[in-house]
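A.B. asks: One structure coming up, written as structure tokens, with questions to follow.
The values are calculated or read from the model by the stated rules, or taken from the named source; none is laboratory data. Keep in mind it's a predicted model, so treat the numbers as computed, not measured. Methodologically, a virtual Cβ is constructed for each residue, glycine included, from the backbone with ideal geometry; neighbour enumeration extends over all protein chains shown.
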Amino acid sequence: MSQTTPPSSVQHLVLGWFSMVLGLCGLSLAWHRAIPFLGDLAWWVSLCMGVLAGAVFGCLLLATGWRAWRYPSAVREDMAHPVRHVFVAAVPTSFVLVATVMVTLWGPSAVADGLWMLGSATLLAATVWVAQRWLHLGRSPTAFWPAMTPALFIPVVGNVLPPLAGVTLGHEIWSAAQFGVATLLWPVALTLVLVRIGMVGLWPERLLATTFITIAPPALVGLSGSVLGMPLLLVHMAWGVALFFTLLSLSVFRRSVSQPFGVAFWGMSFPLSGFAALSLRLVPDVWWAQALALTCLGCVSLVIGLLLWWTVQGLWQGRLLQAEPAPTALPG
């Protein structure tokens with residue numbers, strides 16, 4: 001490492017790192033959907049990804065707690081940041097997803113129920129906090145529109161997730177209520193993002209990978225909606241919307257990965273996993289449809305494998321956990 005390169009520090013462990021937990025949990029759930037097609041292989045991969053997600057989640061919780069105690073000013077800076085503040089919802093979303101993986105792999109338990117309830121309650125609180133931040137930013141149009149990026153969908157995605165485990169855990173009514181919050185916020189956030197493009201243009205190159213987050217809301221609406229009894233026709237419609245945003249996001253994939261690797265790259269992981277899981281949920285008894293869904297699963301597995309390798313490599317070489325470049329900190 002050169003002398004001009006700032007040292008890595010937990011001070012720079014922004015909440016966006018919890019995107020790793022979301023992506024790994026999503027991959028575990030997607031592989032579990034592949035059990036009817038791949039048998040025990042799919043179950044073991046799902047188990048390994050779930051255990052890895054839990055380990056990463058525990059490490060991030062400990063490191064985040066240390067950061068909050070040792071560098072409280074850095075945490076306050078994240079909470080005030082026009083883009084990074086939305087990732088506060090990624091923490092309770094991780095609780096909900098880890099509980100979902102536990103219920104999926106091992107069935108209901110007191111631990112999973114406790115994690116789910118804690119995550120669900122704090123997620124709603126975080127969503128209210130994020131929404132009131134929009135009102136605060138709205139006082140200054142010059143600060144408001146640059147802050148409208150696909151990261152806005154993080155709270156939306158979080159509130160879609162509770163039914164996946166909540167129904168099995170006996171919390172169907174509350175799960176449906178949070179699902180309703182998500183269906184309210186999704187079109188609002190989408191409208192804000194589209195207007196932002198018209199007002200100030202696309203988000204910075206360093207944030208292009210977050211474009212993939214647009215896939216997550218329709219994909220998870222389809223998955224959670226099917227658990228809540230949504231008509232199959234509407235689930236297929238949600239899949240179609242998710243497919244549209246997948247193809248749209250792939251149009252910026254090359255530009256996204258041409259940037260220096262950073263935590264924003266993990267924004268691709270969970271949305272693609274969600275789309276693969278929904279595809280596996282809907283495939284008919286037709287070989288080409290099954291092959292297409294399994295291809296989606298293979299592609300997202302490759303992407304997340306590369307993200308893991310780049311993350312380990314970046315941490316080992318000290319290129320991550322550093323202050324963000326100025327263009328990322330002040331998008332526009």
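A.B. asks: Which of the residues spanning segment 263-297 are over 16 Å from Leu29 (Cβ atoms) and surrounded by fewer than 18 Cβ atoms within 10 Å (Cβ to Cβ)?
C.D. replies: Listed by number, the residues that qualify are Pro284, Asp285, Val286, Trp287, Trp288, Ala289, Gln290, Ala291, Leu292, Thr295.
A.B. asks: Kindly indicate the residue of segment 80-102 that is over 14 Å from the mean Cα position of the chain (by Cα) and within 20 Å of Pro204 (Cα to Cα) and also surrounded by the most Cβ atoms within 10 Å (Cβ to Cβ) among those meeting that condition.
C.D. replies: Per the criteria, the residue is Val83.
A.B. asks: A further question on this structure: Are any residues in segment 307-332 at pLDDT 80 or above and exposed (fewer than 15 other Cβ atoms within 10 Å of the Cβ), and if so, which ones?
C.D. replies: Keep residues of segment 307-332 that are at pLDDT 80 or above, which gives 307-321.
Correct list: Trp309, Val312, Gln313, Leu315, Trp316, Gln317, Gly318.
A.B. asks: Does segment 169-183 hold any residues that are part of a helix (DSSP H, G or I) and surrounded by 13 or more Cβ atoms within 10 Å (Cβ to Cβ), and which are they? Outline the logic, then answer.
C.D. replies: Step one: list which residues in segment 169-183 are part of a helix (DSSP H, G or I), which gives 172-183.
Within segment 169-183, Glu172, Trp174, Ser175, Ala176, Ala177, Gln178, Phe179, Val181, Ala182, Thr183 qualify.
A.B. asks: Whether any residue in segment 237-257 is among the basic types (Lys, Arg), touching a residue at least 40 places away in the same chain (Cβ under 8 Å) and either closer than 23 Å to Ala90 by Cβ or assigned to a helix (DSSP H, G or I) (or both) is what I want to check. Break it down stepwise before answering.
C.D. replies: First pass over segment 237-257, keeping only residues among the basic types (Lys, Arg): 254-255.
Those still in the list that are touching a residue at least 40 places away in the same chain (Cβ under 8 Å) too: 255.
Filter once more, so that each one left must be either closer than 23 Å to Ala90 by Cβ or assigned to a helix (DSSP H, G or I) (or both): 255.
Yes, there is a match, as at least one residue in segment 237-257 is among the basic types (Lys, Arg), touching a residue at least 40 places away in the same chain (Cβ under 8 Å) and either closer than 23 Å to Ala90 by Cβ or assigned to a helix (DSSP H, G or I) (or both).
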